[in-house]
Every structure is written in C-alpha cells, then in structure tokens.
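Remarks on the structure that follows.
The values are calculated or read from the model by the stated rules, or taken from the named source; none is laboratory data. What you see is a predicted model, and the numbers here were worked out from it, not measured in a lab. All Cβ positions, glycine included, derive from the backbone under ideal geometry; neighbour counts span all protein chains shown. Each accessible area value is taken on the protein alone, full model and side chains, heavy atoms only, with ligands, DNA and RNA left out. Shrake-Rupley method; radii C 1.70, N 1.55, O 1.52, S 1.80 Å.
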Amino acid sequence: MSVIEAPRTPVRPAPKRGPNLEKWGWIYMRVSGVVLIVLIFTHLFVNLLVGEGVSAINFGFVAGKWADPFWQWWDVAMLWLALIHGSNGMRTIVNDYTNPGTVQKILKGALFGSAVVLIVLGTLVVFTFDPCPAGSPADLLPSFCSAQ
C-alpha cells in the first residue's frame, strides 16, 4: 500500500505591519466620489439654476458667494477632494503602467508636487479673494461693495 504525501504548502511571507495604504486609498476613492457628487451637483444647481441662471454668473456673483464663509469652505472642500481624488487615481494608473523604480518615483513625485501646488494656490485664491477691488467699475462689483 502506497502512502500519499501531504502537499507542500508554500511558505507565506510574514504579514506587513502598519497601515494598509492601498486599502485606505481605495476607501478614500469611494467615499470622496460620493461626497464630490453631492458637492458638485449642489454647486451646479445653485450657480446655474437658482436665481437668474447662468446669465447671472460674473465677477459680482462669485464675489458675493465668496464673501460668505460657507461658500468659501464649500468650494475649498470641492477643490481639495477633487484634486486628491484625481491625484490618487493618477497614482493608481502610474502603478499599473510603470515598473517599480526611478521612473515610477519621478512620476509619483510630480503628481504629488503638482497636487500640493494646486491645492495651496487654490486655497489661497479662495481665502484671499477681494470681492471689492479698488478701481473696479461699480456695475461689475457686488451690491455690498461701497462706491470707491
């Protein structure tokens, strides 16, 4: 009678310690996508359908919106979520289509750098925006600006 040997089980590497960044990136993409849908469609509804519609959008309209901290934070949340969401998606594409090494590190570094620059500049624009710039024609300024 012959004995069948037990199958050899491959030795598994020890589980990696620390946070699973890929898992959290995947979760972020799903959550941020849902939140972005709400933010963007509300933004479009308020800007294009409420009031006079698209014909009312000008400097004064934007200045009036950004005079309210609520809309400043709304637009900054959209900016941050969209840029991080898009950068994470591009990082995934870089991972899929390049081999690990120098090129991949350079591409990921460029993605990270451009996302940081755009987030910083966009945030500065929103929070340092002057709704009543000196020397502007009165017909272009929002109604709350005093005549200069």
On the given criteria, is Phe61 over 15 Å from the mean Cα position of the chain (by Cα) and loosely packed, with under 14 Cβ neighbours inside 10 Å? no
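For the range 59-84, name all the residues that are in a helix (DSSP H, G or I) and closer than 11 Å to Pro142 by Cβ.
If we filter the range 59-84 for residues that are in a helix (DSSP H, G or I), which is where we start, we get 59-66, 69-84.
Within the range 59-84, Phe59, Gly60, Phe61, Val62, Ala63, Gly64, Lys65, Trp66 qualify.
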Could you tell me how many of the residues in the range 98-114 are exposed (fewer than 11 other Cβ atoms within 10 Å of the Cβ) and among the β-branched types (Val, Ile, Thr)? 1
Out of (1) touching a Pro at 6+ places or on another chain (Cβ under 6 Å); (2) open to solvent by 80 Å² or more (accessible area, probe 1.4 Å); (3) of a type outside the set (Ser, Thr, Tyr), what's the single condition that is false for Ala67? (2)
Residues located in the range 115-148, provided they are surrounded by 12 or more Cβ atoms within 10 Å (Cβ to Cβ), out of contact with any helix residue (DSSP H, G or I) (no Cβ under 8 Å at 6 or more places or on another chain) and assigned to a helix (DSSP H, G or I): Val116, Val125
Residues satisfying the stated conditions in the range 73-97, i.e. over 15 Å from the mean Cα position of the chain (by Cα) and either crowded, with 16+ Cβ neighbours inside 10 Å or free of Cβ contacts under 8 Å to residues at least 40 places away in the same chain (or both): Ile93, Val94, Asn95, Asp96, Tyr97
Name the residues in the range 35-58 that are open to solvent by 90 Å² or more (accessible area, probe 1.4 Å) and in a helix (DSSP H, G or I), would you? Ile37, Phe41, Phe45, Leu49, Val54, Ser55
I need every pair where a residue in the range 14-28 that is over 15 Å from Asn95 (Cα atoms) has its Cβ under 7 Å from the Cβ of a residue that is modelled with pLDDT of 85 or more and surrounded by 10 or more Cβ atoms within 10 Å (Cβ to Cβ), sequence separation at least 6 or different chains. Tyr28/Asn88
